[in-house]
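J.: Sharing a structure below in structure tokens format, with a few things to ask.
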Amino acid sequence: MLQLKNIYKSYITGGSRQIALDGINLKFRESEFVTVLGPSGSGKTTFLNIIGGLERCDKGDLIINGKSTKEFTDSNWDFYRNNNIGFIFKNYNLIPHLSILENVTIAVSFNGLSKKEKQEKAIEALNRVGIKDYMRKTSQYLTKDEMQRVAIARALVNNPKIILADEPTGNLDSKSTIEIMNLIKEIFKDKLVILITQNPGIAKRYATRMITFRDGEVIEDTNPLKEDLHQKEIDLKRTHMKISMAIKLAIRDISNKKLRMFFYVLISSIGIMGIALIVALLQGFNKQISGYENDTLANYPIVINKVYTNYSIHNTSQNSKQNQNDLKNSKLNTKNDIIYSYNSSQNSTEHINQVNKDYIDYIKQMDKDLVSEISYESQINMNILREDEDGKVSILDTSTINLSSYPKDYGQETYLEKNYELLYGYYPTNKNEVVLIVDEKNRLDTNILNALGIDVKKNKEIKFDDLIGKEYKIILNDEFYKKQNGHFYVDSSEKNLKKLYNSKNTITISITAILRAKEDSNLSNLPEGISYSNELCNYYIDDCKKSDIVKSQQDSNYNVITGQTLKNSKNKEDEIFEISGINILNNVNQSTTKNQMLSSLGASLLPSSITIYPKDFESKSDIIEYLDNYNKDKNEDEKILYKDTSTTINKLSTNIMKGITIVLVVFATLIFFISLITIFILTYASVLERKTEVCILRVLGGKKRDIVRLFNTENVIIGFLAGILGVFLAYTFIVPMNYGLEKITDLSNVAILKVENAIVVIAISVILTFIGGFIPAKIAARKDPVEFLKNQN
Ligand SMILES: Nc1ncnc2c1ncn2[C@@H]1O[C@H](COP(=O)(O)OP(=O)(O)OP(=O)(O)O)[C@@H](O)[C@H]1O
């Protein structure tokens, strides 16, 4: 059945070649008891290993049942070994932490039998060698003789065709030697047994054939086989270790080294606990931030101003891009007392919100539950006169100067003090004192400056002093409008304007302050230009309502100035809104309504900005969605753009959170790698320690992949246990940690480890130990069983 054809094997050690087998030609019968004799170093073990498929020859061929093995792969050799060979060693090579039964069962664990079948076979084998009674014990309770019996049972259990025994009685006394030899002879009587022995007496007594080696050559063969071997299919049934077997072996190993494994798990779990705590902190900080956002940021309103400025608006026009760059790059010195003039119409990053009645209706239809308040900041058309340096009086174009009103009282500080930086002058102390708002670069639109009577052409930079103290006069309706033949008109002759300007019934307003929005303020919504207090606003409206022109207009269906018929207004007065700043007097046409007309006469409020205060943080996103919906399918210039004043704060908290996340993730990564290295070292130590088991498994036909699987399974179990312990420790540690954090920061329950996160952390632990142990597992699989066996001798 077995033929060695001109087998040659040598080793290179220390630069010199050592010939172990030098052209061996032997044939073996299917059933014979062959003893192999020879002095030490004559090549006996090498010969046995080559037959057993543990070593490959350099030259020649091993023919099994007439078939060459030259093309065998590593797996073929593993299958060959597992299906056909039973090994018996001088040192028994039992796996110490497995029971006797398991030591035998392991030999049949690669060929897919059920647990019951495997056990039955193992018990039967143990029965045959007379060891059945101790099968639940480990090998440390057995005598040498008994251990060798177990090894014989292990060789027998798979019913192999060939038994290879390397000095099986080498460690036994003479009585045991006889017993074991008798057992081998009896049990394997119908098999091919090749047994190495140093004892010629034993060889003679039991062998049907004796082969003697010297210097790698066969010098004697007492019963050589002459005839050709008949061909028979060689058994290469695929074998592999079932996962259940791998789990069983892993659990056995773990439970056998309880204390060590506990420390292993504990060390791994500390890293996992670190990761779990970091996850808990991240989760907690996130919750704290969103809580803060809910509590605080919800108070910051969404504002719709007449002018929406956003430097990030993308505009395809080359010109506007240029403007944008100019704007960004301009090195205007905002420290000195100068106002810079610029042309805002060139600056396409400004969007004019054409708020109309439709939009107001749309806002009013918004879900009331989302909003805690909507306020419409007003602006009125005033009749204002200005006197130039040369004494010429003219009507001030109020549509140009962005007239706006600010709340006089706002909390403890005034609204202006809280939200605007005083660049020059003083904050107003009475209703007749107005302020001039400049942009963040101390700039004002040229048109505003021109309207205020500043000659921009002469100098692009205007001194604060040129504007502070500048006076303008508000003329009340009854003086401003004259009545003739049922119609009202404005006498804009120079003489009359001068007269009106000098009248004692005027309200003199003067610019007392130049203000710029504070960088950190979210409520600085006033447009650049002139702003007056709501006190002046209310005073003016009250007076307007009592004026002749307003009363006449209320009673007439035609325009009391032009005589044109007015459109019927379907709505109540308080529902009428018109985009602020449009000087209706100059734009009176057929489509003007009565209420618009009244508005233009100062008798009705015009909203210059709408401020929406959301109920809470969630409603804010719903409001924004609602406002965005309005803009869908609208032309660019019809869109109403809003400013979410919380976004800057939100950005800040997002950035803080990003910072915290980065720090914690760096820590988690560090912990991860430290754990990885620890696991690598621990698994590697375990690999070294389990060399016997690994090599025996390989000898028994276990593939390299089976060995990797064995270690991986064990690592996964350890990772799982470490994960559970790590999460448990984290939960335990979170309590004092939160207590400490609350003491220091006043924040309660900062660290939160959700169950789903804890599961993820356990999964990370499993993956971690798997990765950390993978290379040591590969190293274990590469362990050469031959080296191990030879080193034993
Ligand atoms: N892995 C190896 N590396 C180097 N040399 C080796 C190796 N294995 C065997 N040899 C050498 O090959 C020769 C044959 O060794 P082998 O172990 O087969 O002899 P043996 O007859 O079994 O000896 P012993 O009875 O002492 O076990 C010896 O000279 C030995 O030193």
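J.: Go through the stretch 50-73 and give me each residue that's touching a residue at least 40 places away in the same chain (Cβ under 8 Å) and out of contact with any helix residue (DSSP H, G or I) (no Cβ under 7 Å at 6 or more places or on another chain).
T.: Within the stretch 50-73, I50, I51, D58, K59, G60, D61, I63, I64, N65, G66, K67 meet the criteria.
J.: Shifting gears a bit: Output the qualifying pairs, or none if there are none: Cβ atoms under 8 angstrom, residues six or more apart or on different chains, first residue in the stretch 1-16 and in contact (Cβ under 8 Å) with a residue 12 or more places away in the chain and among the basic types (K, R), second residue in a strand (DSSP E or B) and near the ligand (Cβ under 8 Å from one of its atoms).
T.: What qualifies is K9/I19; K9/A20; K9/L21.
J.: Okay, moving on. Restricting to the stretch 10-30, and then to whatever is within 8 Å of the ligand (Cβ to nearest atom) and β-branched (V, I, T), can you tell me which residue is surrounded by the most Cβ atoms within 10 Å (Cβ to Cβ)?
T.: I19
J.: Right, next: Of the conditions (1) outside any helix (DSSP H, G or I); (2) more than 16 Å from the ligand (Cβ to nearest atom); (3) polar (S, T, N, Q), N171 satisfies every one except a single condition; which number is it?
T.: Just one mismatch for N171, condition (2).
J.: For K185, are the conditions met, namely being closer than 25 Å to R81 by Cβ, part of a helix (DSSP H, G or I), modelled with pLDDT of 90 or more and basic (K, R)?
T.: yes
J.: A further question on this structure: Report yes if some residue within the stretch 703-715 is surrounded by fewer than 19 Cβ atoms within 10 Å (Cβ to Cβ) and either of a type in the set (S, T, Y) or under 30 Å from P301 (Cβ atoms) (or both); otherwise report no.
T.: no
J.: Also: Quick check on my filter: what residues within the stretch 467-482 are touching a residue at least 40 places away in the same chain (Cβ under 8 Å) and either buried (at least 16 other Cβ atoms within 10 Å of the Cβ) or in contact with a Phe, Trp or Tyr (Cβ under 8 Å, 6 or more places away or on another chain) (or both)?
T.: Hits for the stretch 467-482 are L467, I468, K470, Y472, K473, I474, I475, L476, N477, D478, F480, Y481.
J.: Then there is this: Of M147, M135, which residue is more than 16 Å from the ligand (Cβ to nearest atom), modelled with pLDDT of 90 or more, in the same structural domain as Y80 (by TED's automatic domain parsing) and out of contact with any Cys (no Cβ under 7 Å at 6 or more places or on another chain)?
T.: M147
J.: What's the number of the condition L423 fails, among (1) modelled with pLDDT under 90; (2) assigned to a strand (DSSP E or B); (3) closer than 18 Å to L526 by Cβ?
T.: Tallying (1) modelled with pLDDT under 90; (2) assigned to a strand (DSSP E or B); (3) closer than 18 Å to L526 by Cβ, L423 fails exactly one: (1).
J.: Which of the numbered conditions does D61 fail, given that it passes all the others? Conditions: (1) more than 15 Å from the ligand (Cβ to nearest atom); (2) acidic (D, E); (3) outside any helix (DSSP H, G or I); (4) under 57 Å from the mean Cα position of the chain (by Cα).
T.: (4)
J.: Out of curiosity, is N256 at pLDDT 90 or above, under 30 Å from K118 (Cα atoms), exposed (fewer than 15 other Cβ atoms within 10 Å of the Cβ) and more than 16 Å from the ligand (Cβ to nearest atom)?
T.: no
J.: What residue, among those in the stretch 767-793 that are of a type in the set (V, I, T) and surrounded by fewer than 20 Cβ atoms within 10 Å (Cβ to Cβ), is nearest to the ligand (Cβ to nearest atom)?
T.: Of everything passing the filter in the stretch 767-793, V786 is nearest to the ligand (Cβ to nearest atom).
J.: Report yes if L697 is out of contact with any Pro (no Cβ under 6 Å at 6 or more places or on another chain) and within 30 Å of I100 (Cα to Cα), otherwise no.
T.: Spelling it out, L697 is indeed out of contact with any Pro (no Cβ under 6 Å at 6 or more places or on another chain) and within 30 Å of I100 (Cα to Cα).
J.: What number of residues in the stretch 236-288 are within 16 Å of I679 (Cβ to Cβ) and without any contact (Cβ under 8 Å) to a residue 60 or more places away in the chain?
T.: 3
J.: Taking I764, is it away from the ligand (no atom under 16 Å from the Cβ), aliphatic (A, V, I, L, M), surrounded by 20 or more Cβ atoms within 10 Å (Cβ to Cβ) and part of a helix (DSSP H, G or I)?
T.: Answer is yes for this residue.
J.: Continuing with the same structure: With the requirement that a residue be within 12 Å of the ligand (Cβ to nearest atom) and part of a loop (DSSP other than H, G, I, E, B), what does the stretch 43-57 give you?
T.: Across the stretch 43-57, the qualifying residues are G43, L54, E55.
J.: Quick one: is G86 within 16 Å of the ligand (Cβ to nearest atom) and surrounded by 21 or more Cβ atoms within 10 Å (Cβ to Cβ)?
T.: Against the criterion (within 16 Å of the ligand (Cβ to nearest atom) and surrounded by 21 or more Cβ atoms within 10 Å (Cβ to Cβ)), G86 does not qualify.
J.: Still on this structure: So which residues in the stretch 384-406 are touching a Ser or Thr at 6+ places or on another chain (Cβ under 8 Å) and assigned to a loop (DSSP other than H, G, I, E, B)?
T.: Once the filter is applied, which keeps residues that are touching a Ser or Thr at 6+ places or on another chain (Cβ under 8 Å) and assigned to a loop (DSSP other than H, G, I, E, B), the stretch 384-406 yields D388, L403.
J.: Tell me the residue from K242, K204 that is of a type outside the set (A, V, I, L, M) and modelled with pLDDT under 90, please.
T.: One residue alone meets the criteria, K242.
J.: Give the residue that is nearest to I734 (Cα to Cα), with candidates limited to residues of the stretch 744-783 that are of a type in the set (D, E, K, R) and touching a residue at least 12 places away in the same chain (Cβ under 8 Å).
T.: Residue satisfying both the conditions and the ranking: K754.
J.: Mind telling me which of the residues V786, V750 ends up being part of a loop (DSSP other than H, G, I, E, B) and modelled with pLDDT under 90?
T.: Criteria check complete, one pass: V750.
J.: What number goes with the only condition from (1) within 16 Å of the ligand (Cβ to nearest atom); (2) more than 30 Å from I219 (Cα to Cα); (3) hydrophobic (A, V, I, L, M, F, W, C) that A122 does not pass?
T.: (1)
J.: I want to confirm something. Restricting to the stretch 32-42 and keeping residues that are surrounded by fewer than 24 Cβ atoms within 10 Å (Cβ to Cβ) and near the ligand (Cβ under 10 Å from one of its atoms), which single residue is nearest to G201 (Cα to Cα)?
T.: L37
J.: In the stretch 593-647, what residues are at pLDDT 75 or above and among the small types (G, A, S)?
T.: Correct list: S619, S621.
The values are calculated or read from the model by the stated rules, or taken from the named source; none is laboratory data. Quick caveat: nothing in here was measured; it's all calculated off a predicted structure. Glycine also receives a Cβ, built like all others from the backbone with ideal geometry; neighbour counts cover every protein chain displayed.
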